[in-house]
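So the structure is just underneath, and the comments pick up after that.
The values are calculated or read from the model by the stated rules, or taken from the named source; none is laboratory data. From a predicted model like this one, the values you see are computed outputs, not experimental measurements. Glycine also receives a Cβ, built like all others from the backbone with ideal geometry; neighbour counts cover every protein chain displayed.
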Amino acid sequence: MADVGGVASDRLRSFVERIERLEEEKAALTADIRDVYAEAKVAGFEVKVLRQIIRLRKMDRSDREELEALLDLYKRALEL
């Protein structure tokens, strides 16, 4: 392992290469997700609503309930 200016170049190269591979995988997954949304759109589903549903499903139940209560409160305040 060569040290250049106190940096272990082999270890650094290993980190960089791992990150690059993961970035490639992430790009492929992003493309796959985009394809699924396109499929859903063709099937007649609204993509904006699907994205919101996905976001809500990621949330903890109590956080989601709090968000929905605040949203309802704000809507009533604005008479929406």
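When the criteria are applied in full, residue 56 meets the requirement of being touching a helix residue (DSSP H, G or I) at 6+ places or on another chain (Cβ under 6 Å) and either modelled with pLDDT under 95 or assigned to a helix (DSSP H, G or I) (or both). Note on segment 1-53: among residues that are charged (D, E, K, R) and not in a helix (DSSP H, G or I), the one that is nearest to the chain's Cα centre (by Cα) is 46.
Whenever a residue of segment 60-77 is part of a helix (DSSP H, G or I), its partners that are modelled with pLDDT under 95, lying with C-beta atoms within less than 9 angstrom and at least six residues away or across chains, give the pairs 74/80.
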